[in-house]
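One structure is given here, and the rest of the page talks about it.
The values are calculated or read from the model by the stated rules, or taken from the named source; none is laboratory data. Since the model is a prediction, treat every value here as computed from it, not as a measurement. Don't worry about glycine lacking a Cβ; one is built from the backbone with ideal geometry, like all the others, and counts go over all protein chains shown.
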Amino acid sequence: MGVRVQCCSSFFFFFFFLFLGLASKVRGNGSGWDSKQCDWFTGTWVVDESYPLYQPDTCPFIEREFRCQGNGRPDLIYTHYRWHPLACNLLRFDGVDFLEKMRGKSIMFVGDSLSRNQWQSLTCLLHSAVPNSNYTLVRVGDVSIFTFTEYRVKVMLDRNVYLVDVVKENIGRVLKLDSIEGSKLWQGIDMLIFNTWHWWSRRGPTQPWDYIQLGGQILKDMDRMKAFEEALKTWGAWVDTNVDPKKVKVFFQGISPSHYNGSLWNEPSAKSCIRQKTPVPGSVYPGGPPAAVAVLKSVLSTIKKPVTLLDITMLSLLRKDGHPSIYGLTGASGMDCSHWCLPGVPDTWNEILYNLI
């Protein structure tokens, strides 16, 4: 009987310490969390008075369309929310550490105005961390280049709303789903963060093309979700052909959501994001993610080279309060429930990016 008890005790302690060992691997230690173990994108928003990570007056170059406080937004609680993943903790963004990690390297955001939103956020996060460090900001064609000269770090933005090419031809402007000549600008960059989606549904005067070309076929129009998918496949083929994972880190920003329909967050009377002051509670958005998310994830799964998805859709869906609404570029005459106030939600996207690198 004594031998049996000793045996069982040994097994108990073996599995007990095995469990502790596994748990410590998942939890990590005081210096951070294992990004391969943690789901950074499932969580909830909590009030944290130590946020925002910077004040608007410490970032004088925030563009007007994102400068909600400067445009008269009276409530500030939206700036005090921190993203809390359910299974782990995010390291607080450390701008000096980020710059040291990226010393001598280049970062480029490629995409539409949501990429500009995230690019502006990152420049603000970094500048506020080293306010006395010299910087330059220049624009060359469609590329904006913010350089922290002391660290030789370039934070760049390439405005390219479809990733694939729009070319002027005799018949008009042609959106070429299988052409990606604009990628010449992406060569030699150390970190690339891509994004496209919001322009795929545009019609009428704001649509910047007249025809779509796919293979040898010229079309007046086609299913926009299918066109989005074909463009992503072309981009994915470029990544597989051109990216050396030993030298270049590739991210995709994910699908940034809009909030124009209150029924999607169980508030049918809300026709837009105006006067929204708090996030959706919990971790799940009642209306679910946009259909584009499934298309994006499907294409990403076919790419052979490593691409990290900044899966910011759900955490951003919960932030119906984070948009400029009437405190953006067009003022009271317009309603912007697509872009994000700064300081605000894109700072969290960059905080997750910081944790991933």
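Hey, does segment 147-154 have a residue that's in contact with a strand residue (DSSP E or B) (Cβ under 9 Å, 6 or more places away or on another chain), loosely packed, with under 15 Cβ neighbours inside 10 Å, farther than 22 Å from Ile312 by Cα and of a type in the set (S, T, N, Q)?
Yes, there is a match, as at least one residue in segment 147-154 is in contact with a strand residue (DSSP E or B) (Cβ under 9 Å, 6 or more places away or on another chain), loosely packed, with under 15 Cβ neighbours inside 10 Å, farther than 22 Å from Ile312 by Cα and of a type in the set (S, T, N, Q).
Considering only residues of segment 120-141 that are among the polar types (S, T, N, Q) and assigned to a loop (DSSP other than H, G, I, E, B), which is farthest from Tyr54 (Cα to Cα)?
Only one residue fits best here, namely Asn134.
Working only within segment 236-263, note down all residues that are among the aliphatic types (A, V, I, L, M), out of contact with any Ser or Thr (no Cβ under 8 Å at 6 or more places or on another chain) and within 18 Å of Trp197 (Cβ to Cβ).
The answer is Val239, and nothing else.
Could you list, ordered by first residue, the pairs with Cβ atoms under 8 Å in which the first is in segment 133-161 and closer than 28 Å to Phe228 by Cβ and the second is exposed (fewer than 11 other Cβ atoms within 10 Å of the Cβ) and of a type in the set (A, V, I, L, M, F, W, C), at least 6 apart or interchain?
Ser144/Val138
Identify, from the list Leu137, Leu219, the residue that is out of contact with any Asp or Glu (no Cβ under 8 Å at 6 or more places or on another chain) and within 29 Å of Pro245 (Cα to Cα).
Step by step, each of Leu137, Leu219 is checked, and only Leu137 is out of contact with any Asp or Glu (no Cβ under 8 Å at 6 or more places or on another chain) and within 29 Å of Pro245 (Cα to Cα).
Six or more apart or on different chains, Cβ atoms under 6 Å: show the pairs whose first residue is in segment 180-199 and crowded, with 22+ Cβ neighbours inside 10 Å and assigned to a loop (DSSP other than H, G, I, E, B) and whose second is modelled with pLDDT of 95 or more and among the aromatic types (Phe, Trp, Tyr).
Here the result reads Thr196/Tyr162, each pair linking segment 180-199 to a residue that is modelled with pLDDT of 95 or more and among the aromatic types (Phe, Trp, Tyr).
Which residue out of Val166, Val130, Val138 is exposed (fewer than 14 other Cβ atoms within 10 Å of the Cβ), farther than 13 Å from Val110 by Cβ and not polar (S, T, N, Q)?
Val138
Report, by residue number, each residue of segment 142-162 that is assigned to a loop (DSSP other than H, G, I, E, B) and polar (S, T, N, Q).
Those that are assigned to a loop (DSSP other than H, G, I, E, B) and polar (S, T, N, Q): Thr149, Asn160.
Which condition does Thr206 not pass, out of (1) among the polar types (S, T, N, Q); (2) farther than 22 Å from Thr302 by Cβ; (3) crowded, with 18+ Cβ neighbours inside 10 Å, if it passes all the others?
Thr206 satisfies all of (1) among the polar types (S, T, N, Q); (2) farther than 22 Å from Thr302 by Cβ; (3) crowded, with 18+ Cβ neighbours inside 10 Å except (3).
Going through segment 209-218 one residue at a time, which ones are surrounded by 13 or more Cβ atoms within 10 Å (Cβ to Cβ) and closer than 14 Å to Val164 by Cβ?
Residues satisfying the conditions are Trp209, Tyr211, Ile212, Gln213, Leu214.
Which of the strands (runs of 3 or more DSSP E) found entirely inside segment 206-287 contain at least 2 residues meeting this: in contact (Cβ under 8 Å) with a residue 40 or more places away in the chain and either under 19 Å from Thr313 (Cβ atoms) or in contact with a helix residue (DSSP H, G or I) (Cβ under 8 Å, 6 or more places away or on another chain) (or both)?
Those strands (runs of 3 or more DSSP E) span 249-252.
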